[in-house]
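Q: I'd like to ask you about the structure that follows.
Just so you know, all these numbers are worked out from the coordinates, no wet-lab data involved. Source: prediction; values computed, not measured. Counting neighbours? That spans all protein chains shown, and the Cβs are built from the backbone with ideal geometry, glycine included.
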Amino acid sequence: MVNICMYFQVHQPFRLRNYTVFDIGNNSIYFDAKKNEEICRKVANKCYLPANKIILDLIKQTNGRFRAAFSISGCALEQFHLYSPEVIQSFRELAKTGCVEFLSETYYHSLAYLHSKEEFVKQIDIHKNAMLKIFGHCPKIFRNTELIFNNELAKFIESLGYTAILAEGADHILNGRSPNFICSANYNDTDNNNTNFSNKIKVLLKNYKLSDDIAFRFSNREWKEWPLTAEKYASWINNINGNGEVINLFMDYETFGEHQWESTGIFEFLKQMPIEILKHPDNSFMLPSEIAAKHEIKDTIDVHNFISWADIERDLSAWLGNQIQRSAFHELYQLEKEIIATNDKRLIHEWRKLQTSDHFYYMCTKWFEDGDVHKYFNPYESPYDAFITFMNILKDIKIRIRKANENNLREKDINENKKNIDESEENNKEIII
Amino acid sequence: MFGWEFPPINSGGLGTACYGLTKALNKENVDITFVVPQGEQSNSSSHLNLLALNKLEDDSTYKSIKIKKIASILKPYISSQDYKRIKRKGDHFSTLYGNNLHEEVQRYAEITKKIAEQSNCDVIHAHDWLTFPAAIKAKEETNKPLVVHIHATEFDRTADHPDQIIYDIEKEGMKRADKIIAVSNFTKQKIIEHYGIPADKIAVVHNAVEHKSRIHNIHNIHKKSHEKIVLFLGRLTVQKGADYFLYAAEKVLKINPNVLFVIAGSGDMESQIIEKAAELNIANKVVFTGFLTGKDVDKMYSLADLYVMPSVSEPFGITTLEALSNDTPVLISKQSGVSEVLHHALKVDFWDINQMANKILAVLQYPELYYNLKINGKKEVIRFNWQIPAGKCIDIYKDLIELHKLKNEQKTIKIKKSNHNSNCINKKNKSKRG
């Protein structure tokens with residue numbers, strides 16, 4: 001028996017506008033509404049809407065034997081709400097089938113865990129509430145931004161009450177072992193009052209080979225397996241039968257129609273692949289929560305340094321690999337205490353939108369000269385431009401924090417004065433009486 | 001090879017490029033005769049020239065580069081007006097040299113063709129318009145293929161106000177050439193658009209930079225610790241955009257007054273630029289060094305915290321590579337050839353002074369940005385080695401020589417054929433007679 005677990009990541013960052021040093025203190029519009037709208041609508045039409053339709057048809061066609069999970073970032077949701085509400089509607093229809101699961105993540109698709117657990121938890125809660133409100137669905141399985149993961153994170157997520165977490169099946173973690181079994185992470189569980197080994201949080205490892213065959217290699221004519229047909233792909237899945245229990249196919253939803261254009265035949269593939277896989281009686285599709293309920297932990301992975309699903313390195317270097325990235329990250333998060341203290345909801349929301357991992361990804365200088373995937377999804381001409389824009393905005397944020405604090409103080413003063421006046425008036429009254 | 005200037009007597013990137021290219025070609029065993037005009041002005045500093053020549057002759061690495069100097073008052077980056085001015089100054093030579101720029105260039109061409117005859121070359125390679133008439137004459141004389149190398153067009157030098165005489169010479173050179181080398185796609189495009197040359201006749205060969213082992217005695221350089229230096233280095237002409245540099249400087253100084261703007265170079269806009277600095281009220285923050293040469297150039301680069309090349313139209317921009325080679329980060333105009341091939345640089349449109357100021361301020365303010373640009377830029381610039389463009393030139397030479405041979409063979413075949421035909425006719429006639 002092989003259970004196939006598909007999860008699609010849906011995310012769009014709030015891209016920044018060309019914010020210069022001359023805007024600081026004069027203008028607090030950070031986001032490029034025009035560009036964001038343009039991209040949101042484009043991707044909705046090229047990917048989200050047609051792909052959702054195919055998934056809905058597949059669920060109906062297979063009587064629910066095909067099922068899949070989505071993780072939709074809050075930034076994407078907000079932009080759908082603003083620019084393409086029909087995308088939200090189509091996800092709601094998927095939700096109604098009961099064959100779709102929504103995963104938990106940070107609302108802002110952020111790297112908050114790397115800085116502050118407190119901020120991290122807040123963002124998970126905001127996302128959870130949004131999922132409840134929009135889809136009536138409380139997520140039970142967690143996936144961190146870009147599948148960033150280590151032992152400690154697994155332990156922390158377990159303490160928040162989740163039963164499973166997603167991670168990259170990176171080679172250097174598995175050391176030749178199969179990603180196709182449920183694992184646990186190697187951490188001491190006594191702090192979580194969890195002494196029973198089988199109650200440990202389950203780790204679903206991405207089968208990156210089979211996932212990337214679709215996400216990255218599908219249209220590559222240099223690839224010896226090109227063209228990839230649904231039959232061929234199903235035969236690879238069937239070959240695993242007996243050598244694994246779960247095949248986790250995790251990928252960006254934008255694979256369909258955006259990364260791989262419609263003309264490559266990716267939609268036809270998406271339509272046929274589940275049907276082909278289901279032809280084998282031993283195969284079935286399952287949602288992450290179903291996998292977690294059904295399968296026992298068979299192995300342990302030991303992850304001290306963070307892993308992720310990005311680049312060949314599968315580490316944090318795509319976001320924090322160079323000095324400008326680390327400096328921007330540090331500057332952003334060192335504002336946490338002050339900005340939360342302002343209690344200014346709009347300001348805090350904008351600060352959080354700056355936490356979206358994409359902003360750091362744009363500052364990546366590795367492979368910059370090769371013009372690869374980093375460049376393709378980069379609204380900037382260079383990582384240095386991304387850094388300059390970001391730092392300018394932080395300067396403005398700092399000014400706003402200062403102003404907000406001054407206002408708060410003034411209001412406090414006014415209130416106290418008022419209180420004093422009221423009290424003295426009362427006293428006067430008493431005297432009059 | 002025909003050039004305008006050759007180091008150490010040079011005033012711009014052309015001389016640097018010729019020097020780097022010939023040296024690299026020489027390493028690949030290409031014998032070069034390099035022909036340059038020797039002006040009256042440089043006569044006054046002839047010891048330098050002689051020195052240079054001696055040095056070249058002594059140095060075994062250049063043993064197969066012969067420098068031929070021709071007396072002429074032509075000088076690099078000359079315009080028709082410049083020529084009139086120079087001619088007026090040295091009136092005792094007036095009988096010797098042409099009445100106007102055009103005539104002088106033609107006179108120069110007549111003399112140089114003799115050198116071409118003697119040199120027994122396989123290919124004629126000419127750098128920029130001044131040498132084209134000479135190169136065309138040489139081609140006619142020797143029947144050897146001609147390569148014209150475009151380092152700048154008249155449209156770049158004059159910001160789209162070309163001198164008709166120079167434009168005509170450029171166009172003629174391009175037409176008569178067997179192959180055109182452009183220093184960038186940016187320049188290739190200009191050649192196609194303004195000179196009507198078909199794209200397949202033009203090859204793009206990007207420039208490189210010589211990586212000297214530079215040992216600076218940084219400790220000897222006194223610089224106020226709180227003051228940052230932003231450098232402009234180039235001719236003060238409309239092409240190089242020094243005025244945009246000043247406009248950006250004004251904006252920078254309003255936000256960060258601890259910045260010194262250094263303008264190194266001379267040119268016809270010099271007084272205009274100095275006045276502009278005064279007019280913008282930043283004269284106390286702008287330093288003019290005049291034209292720098294040799295070690296002073298490298299020293300200036302390494303003193304700077306940022307090198308800015310705000311050119312209005314820059315076919316390549318070797319100075320960018322020189323700055324990076326001296327560990328100085330760069331901010332360059334997008335209207336440049338070098339921005340096609342260089343990644344680790346900040347880039348702006350030359351007219352966008354807000355962005356220019358924005359980026360200057362960022363480099364001065366964020367040490368991480370400065371270091372990343374500097375270190376990554378240096379790593380990248382190491383790969384710009386003159387052997388690469390030299391290799392491309394050699395490939396072009398080989399193709400042309402091959403093609404030239406084929407053509408000659410065809411010609412001889414044709415001649416033979418026509419001889420043969422006439423024989424046949426004779427025979428026929430004979431047979432008729434018989």
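Q: Could you tell me the center-to-center distance, by alpha carbons, between the range A:166-185 and the range B:239-309 in angstrom?
A: 58 Å
Q: Identify all aspartates and glutamates with a Cα-Cα distance to residue B:285 below 14 Å; exclude those on the same chain that are fewer than 8 residues away in sequence.
A: Output for residue B:285: B:227, B:250, B:275.
Q: With Cβ to Cβ distances under 13 Å as the rule, what net charge do the other residues near residue A:224 carry (K, R +1; D, E -1)? Spell out each step's value before the answer.
A: Details: positive: A:217, A:221, A:232; negative: A:213, A:222, A:225.
So the surrounding residues net to 0.
Q: If you count, for every residue in B:364-377, the Cβ atoms of partner chains within 10 Å of its Cβ, what is the mean?
A: Whole-number average of other-chain Cβ neighbours for B:364-377 is 5.
Q: Right, something else. Per the helix-only calculation at 222 nm, which mean residue ellipticity applies to chain A, given -39500 (n - 2.57) for every DSSP H run of n ≥ 4 and division by its residues, nearest 500 deg cm²/dmol? Intermediate results must be reported in sequence, preceding the final value.
A: Working: 18 runs with 206 residues, N = 433.
After summing the helix terms and dividing by the residues of chain A, the value is -14500 deg cm²/dmol.
Q: Let me ask something else. Normalise the Debye intensity by I(0) for the range B:69-168, one equal point scatterer per Cα, no solvent, then take log10 at q = 0.22 Å⁻¹ and round to two decimals.
A: -1.17
Q: Now, a different point. To the nearest 0.05, what FRET efficiency results for residue A:302 and residue B:287 with a Förster distance of 41 Å applied to their C-beta separation? Please list the in-between numbers first.
A: Details: r = 60 Å, r/R0 = 1.47.
Efficiency computed from Cβ-Cβ geometry: 0.10.
Q: Obtain the nm distance between the two label points defined at residue B:89 and residue A:81 by a simple spin-label model: each point lies 7 Å from its Cα along the Cα-to-C-beta direction.
A: It is 7.3 nm.
Q: Whole-Hz Karplus ³J(HN,Hα) for the range B:157-169, in order, using 6.51 cos²θ - 1.76 cosθ + 1.60 and θ = phi - 60°, x for Gly and Pro?
A: So the J values, rounded to whole Hz, are 5, 10, 6, 6, 10, x, 7, 4, 4, 5, 4, 4, 5.
Q: Within 10 Å of each residue's Cβ, count the other Cβ atoms and sort B:197, A:340 from fewest upward.
A: Numbers: B:197 20, A:340 15.
Listing B:197, A:340 from fewest to most nearby Cβ atoms yields A:340, B:197.
Q: For the pairs A:209/A:337; A:366/B:276; A:140/A:337; B:137/B:411, note any where the Cα-Cα span goes beyond 32 Å. Please report the intermediate quantities before stating the final value.
A: On the way: A:209/A:337 42 Å; A:366/B:276 42 Å; A:140/A:337 29 Å; B:137/B:411 22 Å.
Pairs exceeding 32 Å: A:209/A:337; A:366/B:276.
Q: Moving to a separate point now. Just rank B:129, A:261, fewest to most, by other beta-carbon atoms within 10 angstrom. Walk me through the numbers on the way to the answer.
A: Details: B:129 28, A:261 14.
Exposure proxy ranking, most exposed first: A:261, B:129.
Q: Run the numbers for residue B:275 and residue B:340: contour at 0.36 nm per residue of separation, minus the present Cα-Cα distance, in nm. Display every interim value, and only then the final one.
A: Values: separation 65, 0.36 × 65 = 23.40 nm, distance 3.38 nm.
Going from the current span to full extension adds 20.0 nm.
Q: Output ³J(HN,Hα) for the range A:103-117: one whole-Hz value per residue in order, computed from phi by the Karplus curve 6.51 cos²θ - 1.76 cosθ + 1.60 with θ = phi - 60°, and x for Gly and Pro.
A: Working through the residues one at a time gives 8, 9, 7, 6, 3, 9, 6, 10, 9, 4, 4, 5, 10, 8, 5 Hz.
Q: Could you work out the Kirkwood radius for the range A:1-148, taking every pair of different alpha carbons, averaging 1/r and inverting it, reported in Å? Before the final figure, lay out each step's value.
A: On the way: mean 1/r = 0.0601 Å⁻¹.
Roughly 16.6 Å, rounded to one decimal.
Q: Compute a Gaussian network model of chain A, connecting alpha carbons closer than 10 Å, and tell me which residue from A:21, A:43, A:246 fluctuates the most.
A: A:21
Q: Which residues' amide hydrogens lie under 5 Å from the amide hydrogen of residue A:32, considering only partners 5 or more residues apart or on another chain, with H built in the peptide plane?
A: A:15, A:16, A:17
Q: Work out the FRET efficiency for residue B:402 and residue B:351 from their Cβ-Cβ distance, taking R0 = 41 Å, and round it to the nearest 0.05.
A: Values: r = 46 Å, r/R0 = 1.11.
Computed FRET efficiency for residue B:402 and residue B:351: 0.35.
Q: Evaluate the distance, in nm, between pseudo-label points positioned 7 Å from the Cα of residue B:102 and of residue A:293 along their respective Cα→Cβ axes.
A: 9.2 nm
Q: Here's something else I'd like to know. For residue A:318, what charge total do you get from the other residues with a beta carbon under 9 Å from its beta carbon, if Lys and Arg give +1 and Asp and Glu give -1?
A: Working: positive: A:366; negative: A:146, A:311, A:313, A:315.
Net charge around residue A:318: -3.
Q: List the residues, sorted by chain then number, that are 5 or more residues from residue B:228 or on another chain and whose placed amide H is less than 5 Å from its amide H.
A: Correct list: B:259, B:260.
Q: Quick check on packing: order B:111-118, B:326-333 by the mean number of other C-beta atoms within 10 Å, highest mean leading.
A: On the way: B:111-118: 17.1, B:326-333: 24.1.
Highest to lowest by the protection proxy: B:326-333, B:111-118.
Q: Hey, for a label at residue A:97 modelled as a point 7 Å past Cα toward Cβ, could you say which residues of the range A:63-90 have their backbone N under 11 Å away?
A: It comes to A:63-69, nothing else.
Q: Provide, as a two-decimal number, the C-alpha radius of gyration of chain A over 2.2 N^0.38 Å, N being how many residues it has. Provide the component values of the computation, followed by the final result.
A: Working: Rg = 24.2 Å, N = 433, 2.2 N^0.38 = 22.1 Å.
Normalised Rg, Cα atoms only: 1.10.
Q: Pull up all non-local amide H partners of residue A:182: gap of 5 or more, or a different chain, and H-to-H distance under 5 Å with H placed in the peptide plane.
A: Hits under the 5 Å cutoff: A:298.
Q: Continuing with this model, one more query. Taking only the Cα atoms of the protein assembly as shown, how large is their convex hull per residue, in Å³?
A: Numbers: hull volume 243.1 nm³, N = 867.
Convex hull volume per residue, Cα atoms: 280 Å³.
Q: What FRET efficiency comes out for residue A:312 versus residue A:405 if R0 is 41 angstrom and r is the Cβ-Cβ distance? Round to the nearest 0.05. Each step should come with its number before you reach the end.
A: Details: r = 45 Å, r/R0 = 1.10.
About 0.35, to the nearest 0.05.
Q: What does the charge count near residue B:237 come to, summing +1 for each Lys or Arg and -1 for each Asp or Glu among other residues with Cβ under 12 Å from its Cβ? Don't skip to the answer; put the middle values down first.
A: Numbers: positive: B:157, B:235, B:240; negative: B:82, B:156, B:243, B:268, B:270, B:314.
With Lys, Arg at +1 and Asp, Glu at -1, the neighbours total -3.
Q: If each of residue A:223 and residue A:171 carries a label point 7 Å out from its Cα toward its Cβ, how far apart are those two points in nm?
A: Distance between label points: 1.7 nm.
Q: How big is the C-alpha Rg of the range B:243-284 next to the rule-of-thumb value 2.2 N^0.38 Å, as a ratio? Please list the in-between numbers first.
A: Numbers: Rg = 10.2 Å, N = 42, 2.2 N^0.38 = 9.1 Å.
In units of the globular-protein estimate, the range B:243-284 measures up at 1.11.
Q: Which of the lysines could a cross-linker bridge to residue B:188, judged by Cα under 17 Å and excluding same-chain residues fewer than eight apart?
A: The qualifying lysines are B:171, B:175, B:179, B:201, B:334, B:392.
Q: Quick one: order B:128, B:160 by neighbouring beta-carbon count within 10 Å, fewest to most. Provide the component values of the computation, followed by the final result.
A: Numbers: B:128 27, B:160 12.
Ordered by Cβ neighbours within 10 Å, fewest first: B:160, B:128.
Q: Residue by residue through the range B:203-209, which ³J(HN,Hα) values in whole Hz follow from phi under the Karplus form 6.51 cos²θ - 1.76 cosθ + 1.60 (θ = phi - 60°), with glycine and proline marked x?
A: Here the 3J(HN,Hα) series is 9, 9, 10, 6, 6, 9, 9 Hz.
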